[in-house]
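S.K.: Just passing along the structure, written as structure tokens.
The values are calculated or read from the model by the stated rules, or taken from the named source; none is laboratory data. Here the structure is a predicted model, which means the values were calculated and not measured. Neighbour counts run over all protein chains shown; Cβ positions are idealised from the backbone, glycine included.
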Amino acid sequence: MKIAITGSSSLLGQHIYQLLFLRNYNLKLIDKNIWNITDIATFDIFDNIFDKCQIIIHCAAVTDNLPNDPSGSAFEINITSTSFLAQWCYTKKVKLIYISGAGCYDYESNNYPDENSIITEDCHGGEYGKSKYLAERDIRSILNKENYVIIRPSSIYGFGMKRNRFIAQTLSNALIGKDIELNQGGNKINLVHASDVANAIYSTILKEKAGIFNIGGYVESYRSIAETCIKACKSSSKVIENDISNQEKYFLNIDYSLARMSLGYIPEVNLLKGLNMMIKKKYTFPDDASK
């Protein structure tokens, strides 16, 4: 089986590649040098890029506002590129595994959403989450149910994540012994390591599953994240919490029981293990990633 991975140099793309490579799949790695999603594509271009692929794992996405685009219109690229790719998959009978995100849920109405919970343009993930919601909508309208998988991970972290993300910044500060300042350290979030998400994706391939799956990990407060970063680094850093009582408190969790029942998914990587993997710059997968 030949599988293409778009966004193959991204945080998640690298982990998916490492896992599927270990499982001896025939892989086609698609980075921005092969297909830049900001460029206009044609079916002829896709015919060449995805030649003989039976499955496409679509990780490529614009994840941040561009410096000259504060309005967030750059995120529309996520919608148009995914929609066009879905149309191509439909004509070629190629299965599409799309990496969406839990940010497309309406956490105002439900802070423990399952796959049937409301997803909306007015979602927690802002313009990025909105682009994922709209891309999902197009996939579901273009492809038959058996020909797509939509993965909605909670907050992904791991080796290869952008340096401006909270965990990467906090870990960097701990490594140099710099104190870590927090606002509302009690706020909580569901964290999932990229290797666990890769494991879930592999299970959908191995078990020939289709549909939508939440993929979660372990709930941590921002305080516990900072403390665990210090522990992983054996650092002298201290956590300094600012008293900002008027800031909004939140608890972002996710119900991934469907993945547990249908895929046999169990998150393998807790926060301390995940941070140690980041420090050592390594990928780790269970011997049987399908369990």
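S.K.: Out of Lys178, Lys207, which single residue is surrounded by fewer than 17 Cβ atoms within 10 Å (Cβ to Cβ), in contact (Cβ under 8 Å) with a residue 12 or more places away in the chain and touching a Gly at 6+ places or on another chain (Cβ under 9 Å)? Explain how you work it out, then say what you get.
M.R.: Values: Lys178 fails: touching a Gly at 6+ places or on another chain (Cβ under 9 Å).
Going through Lys178, Lys207 in turn, just one is surrounded by fewer than 17 Cβ atoms within 10 Å (Cβ to Cβ), in contact (Cβ under 8 Å) with a residue 12 or more places away in the chain and touching a Gly at 6+ places or on another chain (Cβ under 9 Å): Lys207.
S.K.: Quick one: in the stretch 129-166, which of the residues that are part of a helix (DSSP H, G or I) and free of Cβ contacts under 8 Å to residues at least 12 places away in the same chain is farthest from Ser221 (Cα to Cα)? If you could, list the steps in order and put the result at the bottom.
M.R.: Step one: list which residues in the stretch 129-166 are part of a helix (DSSP H, G or I), which gives 129-142, 145-147, 166.
With free of Cβ contacts under 8 Å to residues at least 12 places away in the same chain added as a condition, the list becomes 137, 140-141.
Details: Arg137: 32, Arg140: 34, Ser141: 37 Å.
My answer is Ser141.
S.K.: Now for a separate question. What do you reckon, is Gly158 within 19 Å of the chain's Cα centre (by Cα) and at positive phi?
M.R.: yes
S.K.: Can I ask one more? Considering only residues that are aromatic (Phe, Trp, Tyr) and part of a strand (DSSP E or B), which ones fall in the stretch 195-219?
M.R.: Phe213, Tyr218
S.K.: Let me ask something else about it. Output the qualifying pairs, or none if there are none: Cβ atoms under 7 angstrom, residues six or more apart or on different chains, first residue in the stretch 76-87 and farther than 11 Å from His58 by Cα, second residue outside any helix (DSSP H, G or I) and among the hydroxyl-bearing types (Ser, Thr, Tyr).
M.R.: Ile77/Thr38
S.K.: Which one is nearest to Cys123 (Cα to Cα), of the residues in the stretch 75-98 that are among the β-branched types (Val, Ile, Thr) and not in a helix (DSSP H, G or I)?
M.R.: First pass over the stretch 75-98, keeping only residues among the β-branched types (Val, Ile, Thr): 77, 79-80, 82, 91, 94, 97.
Going one step further and asking which of them are not in a helix (DSSP H, G or I), we end up with 94, 97.
Details: Val94: 30, Ile97: 22 Å.
Among them, the one singled out is Ile97.
S.K.: Quickly run through the stretch 36-48 and pick out the residues that are crowded, with 17+ Cβ neighbours inside 10 Å and at pLDDT 95 or above.
M.R.: Residue satisfying the conditions is Phe46 alone.
S.K.: Among the numbered criteria (1) touching a strand residue (DSSP E or B) at 6+ places or on another chain (Cβ under 9 Å); (2) of a type in the set (Phe, Trp, Tyr); (3) at pLDDT below 95, which one does Tyr17 miss?
M.R.: With respect to (1) touching a strand residue (DSSP E or B) at 6+ places or on another chain (Cβ under 9 Å); (2) of a type in the set (Phe, Trp, Tyr); (3) at pLDDT below 95, Tyr17 is out only on (3).
S.K.: Ok, one more. Can you tell me which condition Ile45 does not meet? The list is (1) under 19 Å from the mean Cα position of the chain (by Cα); (2) free of Cβ contacts under 8 Å to residues at least 24 places away in the same chain, and all the others hold.
M.R.: Condition not satisfied by Ile45: (1).
S.K.: Here's another thing I want to ask about it. Suppose the filter is surrounded by fewer than 23 Cβ atoms within 10 Å (Cβ to Cβ), polar (S, T, N, Q), farther than 22 Å from Lys132 by Cα and under 21 Å from the mean Cα position of the chain (by Cα); does Gln184 pass it?
M.R.: Considered against the rule, which asks whether it is surrounded by fewer than 23 Cβ atoms within 10 Å (Cβ to Cβ), polar (S, T, N, Q), farther than 22 Å from Lys132 by Cα and under 21 Å from the mean Cα position of the chain (by Cα), Gln184 comes out as no.
S.K.: Out of the stretch 99-128, which residues are crowded, with 23+ Cβ neighbours inside 10 Å and assigned to a helix (DSSP H, G or I)?
M.R.: Correct list: Ala102, Cys104.
S.K.: Does at least one position in the stretch 84-106 carry a residue that is over 28 Å from Ser257 (Cα atoms) and under 17 Å from the mean Cα position of the chain (by Cα)?
M.R.: Checked against the condition, which is being over 28 Å from Ser257 (Cα atoms) and under 17 Å from the mean Cα position of the chain (by Cα), the stretch 84-106 yields no hits at all.
S.K.: If we keep just the residues of the stretch 136-166 that are at pLDDT 95 or above and among the aliphatic types (A, V, I, L, M), which is nearest to Glu268 (Cα to Cα)?
M.R.: Looking at residues that are at pLDDT 95 or above and among the aliphatic types (A, V, I, L, M), I get Ile156.
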